[in-house]
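A.B. asks: One structure is given below, represented as structure tokens, and several questions about it will come after.
The values are calculated or read from the model by the stated rules, or taken from the named source; none is laboratory data. Please read all numbers here as calculations on a predicted model, not as lab measurements. FYI the Cβ positions are ideal-geometry reconstructions off the backbone, even for glycines, and counts take in every protein chain you see.
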Amino acid sequence: MKRGIVATAISAGAVLVLTGCGGAPAQPGSLDKPSSTSPSDSGAPKVPTPVDVSQYVQDPCSLTPESSMSALGLKRDGTDTVGKRADGQPNKICNWDGSKGDSTGVSLLGMGIDAQYKKQKMIHFYTKFEPTTINGYPAVNTTKANDEKDGRTSLTIGLNDHESADVQVIARTPGEAKKITDAVAKAIVDTARSGGK
């Protein structure tokens with residue numbers, strides 16, 4: 001299963017590198033610099049309370065606590081380094097595998113969620129593009145229709161203006177894939193907001 005997760009994660013990370021500009025003030029425990037308003041041409045929502053996740057770039061497994069993952073029947077299966085992030089750093093993907101064939105990959109992309117919006121607007125990269133929120137943080141489901149039927153999901157969560165998390169899931173059924181994706185995404189946001197405490 002790991003190979004499918006890695007291949008999908010590479011596709012999610014192969015996006016435009018974008019930057020933002022000033023906006024609303026950051027909240028306590030979040031980044032020192034303010035959140036930016038989204039570029040008017042991307043249509044992406046801004047991150048209301050940006051969080052600093054730089055400590056997880058080289059260890060994305062720390063974004064998903066073992067207790068949360070074991071509750072989903074997933075065990076850590078190591079970290080792959082595949083290519084580079086949008087900011088040029090090595091792209092680390094944390095892999096979690098289940099006994100029934102489920103597999104989950106988590107990585108940080110090195111770019112804000114507006115890059116996904118920009119790519120979709122410019123070249124219609126995704127066949128499915130559904131904005132949503134995870135515990136108040138902007139996210140987008142970019143699962144392809146055929147993948148969804150096969151129990152695969154892809155979700156990007158905006159964590160600050162220059163960083164977003166990517167969650168790739170392969171499961172036995174679409175319902176199981178959605179359940180795992182939602183739980184993993186919420187665990188990522190909770191961990192990022194708490195600083196791993």
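A.B. asks: Residue check, residue 97 against (1) crowded, with 17+ Cβ neighbours inside 10 Å; (2) under 27 Å from residue 119 (Cα atoms); (3) modelled with pLDDT of 90 or more, all met but one. Which one?
C.D. replies: Going through (1) crowded, with 17+ Cβ neighbours inside 10 Å; (2) under 27 Å from residue 119 (Cα atoms); (3) modelled with pLDDT of 90 or more one by one, residue 97 breaks only (2).
A.B. asks: Another question about this same structure. Which residue pairs have Cβ atoms closer than 9 Å, lie 6 or more positions apart in sequence or on different chains, and pair a first residue in segment 64-83 that is touching a residue at least 40 places away in the same chain (Cβ under 8 Å) with a second residue that is basic (Lys, Arg) and outside any strand (DSSP E or B)?
C.D. replies: Matching pairs, first to second residue: 68/186; 72/179; 77/2; 80/2.
A.B. asks: Do the conditions hold for residue 180, that is, is it of a type in the set (A, V, I, L, M, F, W, C) and in a helix (DSSP H, G or I)?
C.D. replies: Considered against the rule, which asks whether it is of a type in the set (A, V, I, L, M, F, W, C) and in a helix (DSSP H, G or I), residue 180 comes out as yes.
A.B. asks: Between 25, 39, which is modelled with pLDDT under 90 and out of contact with any helix residue (DSSP H, G or I) (no Cβ under 9 Å at 6 or more places or on another chain)?
C.D. replies: Within the list 25, 39, the selection yields 25.
A.B. asks: Please verify whether residue 143 is of a type in the set (Val, Ile, Thr), crowded, with 23+ Cβ neighbours inside 10 Å and touching a residue at least 24 places away in the same chain (Cβ under 8 Å), treating the condition exactly as stated.
C.D. replies: no
A.B. asks: Looking at 82, 15, 47, which one is hydrophobic (A, V, I, L, M, F, W, C), closer than 30 Å to residue 102 by Cα and either modelled with pLDDT under 50 or buried (at least 20 other Cβ atoms within 10 Å of the Cβ) (or both)?
C.D. replies: Within the list 82, 15, 47, the selection yields 15.
A.B. asks: Hey, can you tell me all the residues within segment 77-99 that are of a type outside the set (Asp, Glu), farther than 25 Å from residue 111 by Cβ and touching a strand residue (DSSP E or B) at 6+ places or on another chain (Cβ under 6 Å)?
C.D. replies: The one that is of a type outside the set (Asp, Glu), farther than 25 Å from residue 111 by Cβ and touching a strand residue (DSSP E or B) at 6+ places or on another chain (Cβ under 6 Å): 98.
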